[in-house]
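Visitor: Provided herewith is a single structure, encoded as structure tokens, for subsequent inquiry.
The values are calculated or read from the model by the stated rules, or taken from the named source; none is laboratory data. Since the structure is predicted, the reported quantities are computational estimates derived from the model, not experimental observations. FYI the Cβ positions are ideal-geometry reconstructions off the backbone, even for glycines, and counts take in every protein chain you see.
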Amino acid sequence: MTHDRDCPLCRSTSKTAAKQYEGSAIGTCDRCGFLYVLNPESDTASESQTEIDQARHTTIPAPRRRHYYISNLIEQTVGKGAEVLEVGSGYGGLGKLLEKNQHTYLGFEPSDIRSKIASEGGLDVIDSIFDPSKVDQSFDAIVIDNVLEHVLNPTELITDAAEVVSDEGIVIVIVPSRYDLRRLHPGWNDDNFWIPAAHINFFRPTDLRRVYSKAGLRMIPFPCSSIEGKQSKDVLFKAKSLIDSTGYYPLSLYTYGTKAR
Ligand SMILES: [Zn+2]
């Protein structure tokens, strides 16, 4: 395997291999400190993991807790009846919730099986990687939920998203964080963080802020008001959002970008 991937954030060719894990070389950019897989097998977001997926869902699943937070954030920032685009719409759990909450939804999903299940469930989903030339309108909100860690060029993806968001709109990005405190538990780290066959970019808050900035967006954490519910995860996330507001981000990065004005 070759170590020929340049830094996806600053394009530097100079890097230092730091770790071998499950056949992948993980290294750090010598110029900007970004941590990434040096020899990814493919652009994992556009390679659909069809066999694995087939067993998981046959219809659109119930929304996850974070889908409620995303829906609340959209309502609180851009208002009711928003036009929402999701990049990597998966099985459509968020899309279904947004439609129920009177928003308009369009998804892009490169996995055939996922986009089929979402479409059969009544959602408007294009079976493709996100391509801004395929949309002929601007959106109030763009959602990129656990996608950025999978793609070869995360900066390009956010820049493409910024191209189709309205001036007052938001680009929502949720991505794992290198500074997630749960990484202190080795089992969690191996199961949820070091997955080089799927995760090829490892963001610190400062890295994600730079990606937003290159796309002309200012990064803001999810506000406490977007977190609802009384389940233990909701209580944890309320506490997290209070800490996020200090710029620390102790768990995953739950953020959104607005056009820097
Ligand atoms: Zn770099």
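Visitor: Only residues that are surrounded by fewer than 14 Cβ atoms within 10 Å (Cβ to Cβ) and within 17 Å of I172 (Cα to Cα): list them for region 221-234, please.
Guide: The one that is surrounded by fewer than 14 Cβ atoms within 10 Å (Cβ to Cβ) and within 17 Å of I172 (Cα to Cα): S225.
Visitor: Could you tell me which residue of region 144-199 is surrounded by the fewest Cβ atoms within 10 Å (Cβ to Cβ), considering only residues that are among the hydroxyl-bearing types (S, T, Y) and at pLDDT below 95?
Guide: Only one residue tops the list, namely Y179.
Visitor: Just to be sure I understand the filter: pairs with C-beta atoms under 8 Å, separated by 6 or more residues or on different chains, first member in region 4-20 and within 16 Å of D207 (Cβ to Cβ), second member near the ligand (Cβ under 7 Å from one of its atoms) and not in a loop (DSSP other than H, G, I, E, B). Which pairs pass?
Guide: Filtered contacts from region 4-20: C7/C29; L9/C29; C10/C29; S12/C29; K15/C29.
Visitor: Quick one: how many residues across region 198-214 are more than 15 Å from the chain's Cα centre (by Cα) and either more than 25 Å from H150 (Cα to Cα) or hydrophobic (A, V, I, L, M, F, W, C) (or both)?
Guide: Looking only at that region, the number is 0.
Visitor: State whether the residues of region 213-226 include one that is touching a Ser or Thr at 6+ places or on another chain (Cβ under 8 Å) and over 30 Å from N153 (Cβ atoms).
Guide: Yes; the residues of region 213-226 include at least one that is touching a Ser or Thr at 6+ places or on another chain (Cβ under 8 Å) and over 30 Å from N153 (Cβ atoms).
Visitor: Please tell me if F237 is farther than 21 Å from C10 by Cα and buried (at least 16 other Cβ atoms within 10 Å of the Cβ).
Guide: For F237, the condition - farther than 21 Å from C10 by Cα and buried (at least 16 other Cβ atoms within 10 Å of the Cβ) - is met.
Visitor: Which strands (runs of 3 or more DSSP E) does region 160-261 wholly contain that include 2 or more residues that are over 27 Å from C29 (Cα atoms), among the hydrophobic types (A, V, I, L, M, F, W, C) and touching a strand residue (DSSP E or B) at 6+ places or on another chain (Cβ under 9 Å)?
Guide: 165-175
Visitor: How many residues are touching a residue at least 24 places away in the same chain (Cβ under 8 Å), over 16 Å from T77 (Cα atoms) and under 17 Å from the mean Cα position of the chain (by Cα) if we restrict to region 133-162?
Guide: Qualifying residue count, region 133-162: 18.
Visitor: Is at least one residue of region 112-131 surrounded by fewer than 23 Cβ atoms within 10 Å (Cβ to Cβ), under 23 Å from L217 (Cβ atoms) and acidic (D, E)?
Guide: Yes; the residues of region 112-131 include at least one that is surrounded by fewer than 23 Cβ atoms within 10 Å (Cβ to Cβ), under 23 Å from L217 (Cβ atoms) and acidic (D, E).
Visitor: Let me ask something else. List pairs: first residue in region 215-229 and under 20 Å from E163 (Cβ atoms), second residue surrounded by fewer than 21 Cβ atoms within 10 Å (Cβ to Cβ) and of a type in the set (S, T, Y) anywhere in the structure, Cβ distance under 6 angstrom, at least six positions apart or on different chains.
Guide: Pairs that qualify, where the first residue is under 20 Å from E163 (Cβ atoms) and the partner is surrounded by fewer than 21 Cβ atoms within 10 Å (Cβ to Cβ) and of a type in the set (S, T, Y), are A215/T159; R218/T258.
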